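In what follows, a structure is listed as structure tokens, so that the remarks can point back to it.
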Amino acid sequence: MKILRSLRQALGYVLLFLAIQYVCTLGAAVLGMSAFEAANPGGDADVFYDAFMNRYSTLILCVSQGATLLALWGLSARRRRKIGPQPAVKLGRRLAGCLFMAGVMGNMATTGIMELAPFSQQMMDSYAEASSSLDTSLLWADLLSVALLAPLVEEAIFRGAVLSRLREAMPDWLAVLLQGLVFGCIHGQLLWACYAAIFGVLLGWARVKTGSLKASVLLHLGFNLSSFFIGIVFYIAPQTFGGLLAVTAAGCLLTALFLVPVARLQTPRQMPWEENDYEYDEAWR
């Protein structure tokens, strides 16, 4: 019974995350179209909708991310009962810096692999189209959504609530793998989903290994923030296959090296509840 409840709660958090995104996107689209119809009766609504979503997609995402954080805060306020000890390791500056830099180097490795792998042009075009939704003319919204709010919200949902519930129902390795696959699937586009799933597993491993949600947040923050400048590395590198391969190999090697201090940690035996981790049973009954 406890296992089923844990699985139900894990699924509930995933659905909550998706539902808030859907409602915010739908609400913004309805408001935008209503304003357009009022100001331009008979105008080309399709053209306006495409332009509207291209310009404000990350701003809408900011709103949905903020709403998700508020929902999580509201659920935690329903029942603030700590469960179990808090054996999480203390993230000193060295370990925190290694996690952040592992995220940066991981982004460099991923970018290089995407360039080197023999994907079809159609698949690459689909990936570029999906990624363009996170690159609008509102730079401040792009930075806020992608570099700050996404690591906080996605880690709180997937490596916080979802992974914790799955660990109550199955072995740690299976819980880490399952939440990573779910994390990949929500990204939609095939290539994006594949590397997001692998990254999700790595994030889950860091969470379990350290017993701290801050670890996966720092790793995720390094990856997302570097998206805004990692292209410079490939721009200044030799524009040859060998140059691209060297940069990609360096990214893979440095990612592994920065994760060595995490791998050397002894995984906490108890469930790694942090000081602000709470059970939300009443919210899902």
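The values are calculated or read from the model by the stated rules, or taken from the named source; none is laboratory data. A quick note: this is a predicted structure, and the numbers were derived from the prediction, not measured. As a convention, Cβ positions derive from the backbone with ideal geometry for all residues, glycine included, and neighbour counts pool all protein chains shown. In case anyone asks, the SASA skips ligands and DNA or RNA and just uses the protein heavy atoms, side chains included. Shrake-Rupley method; radii C 1.70, N 1.55, O 1.52, S 1.80 Å.
Numerical summary
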read-out	value
Whichever residue in the range 48-66 is among the aliphatic types (A, V, I, L, M) and modelled with pLDDT of 80 or more and, among such residues, is least open to solvent (accessible area, probe 1.4 Å)	ILE60
Extreme residue, nearest to LEU99 (Cα to Cα), among residues of the range 201-249 that are open to solvent by 40 Å² or more (accessible area, probe 1.4 Å) and among the small types (Gly, Ala, Ser)	SER227
Filtered residues of the range 93-123 (kept if open to solvent by less than 50 Å² (accessible area, probe 1.4 Å), closer than 24 Å to SER145 by Cα and aliphatic (A, V, I, L, M))	ALA96, LEU99, ALA102, VAL104, MET105, MET108, ALA109, MET114
Enumerated helices (runs of 4 or more DSSP H) restricted to the range 143-190, each holding at least 2 residues that are more than 20 Å from THR68 (Cα to Cα) and open to solvent by less than 30 Å² (accessible area, probe 1.4 Å)	163-169, 172-185
Residue tally, condition β-branched (Val, Ile, Thr) and either at pLDDT 95 or above or outside any helix (DSSP H, G or I) (or both), over the range 244-255	1
The lone exception for ALA263 - which of (1) surrounded by 13 or more Cβ atoms within 10 Å (Cβ to Cβ); (2) closer than 24 Å to ALA156 by Cα; (3) at pLDDT 75 or above it fails	(1)
Matching residues in the range 191-220 - criterion: being of a type in the set (Ser, Thr, Tyr) and in a helix (DSSP H, G or I)	TYR195, THR210, SER216
One residue from LEU75, LEU69, LEU31 being surrounded by 13 or more Cβ atoms within 10 Å (Cβ to Cβ) and modelled with pLDDT under 90	LEU75
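Conditions (1) in contact (Cβ under 8 Å) with a residue 24 or more places away in the chain; (2) under 19 Å from ALA197 (Cβ atoms), marked per residue:
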{"site": "THR111", "(1), (2)": "yes, yes"}
{"site": "GLU115", "(1), (2)": "yes, no"}
{"site": "GLN122", "(1), (2)": "no, no"}
{"site": "LEU139", "(1), (2)": "no, no"}
{"site": "LEU144", "(1), (2)": "yes, no"}
{"site": "GLY180", "(1), (2)": "yes, yes"}
{"site": "PHE183", "(1), (2)": "yes, yes"}
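Residue-wise test of (1) closer than 17 Å to GLU115 by Cβ; (2) part of a helix (DSSP H, G or I).
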{"position": "PHE228", "(1), (2)": "no, no"}
{"position": "GLN239", "(1), (2)": "yes, no"}
{"position": "GLY242", "(1), (2)": "yes, yes"}
{"position": "LEU257", "(1), (2)": "no, yes"}
{"position": "VAL262", "(1), (2)": "no, yes"}
{"position": "LEU265", "(1), (2)": "no, no"}
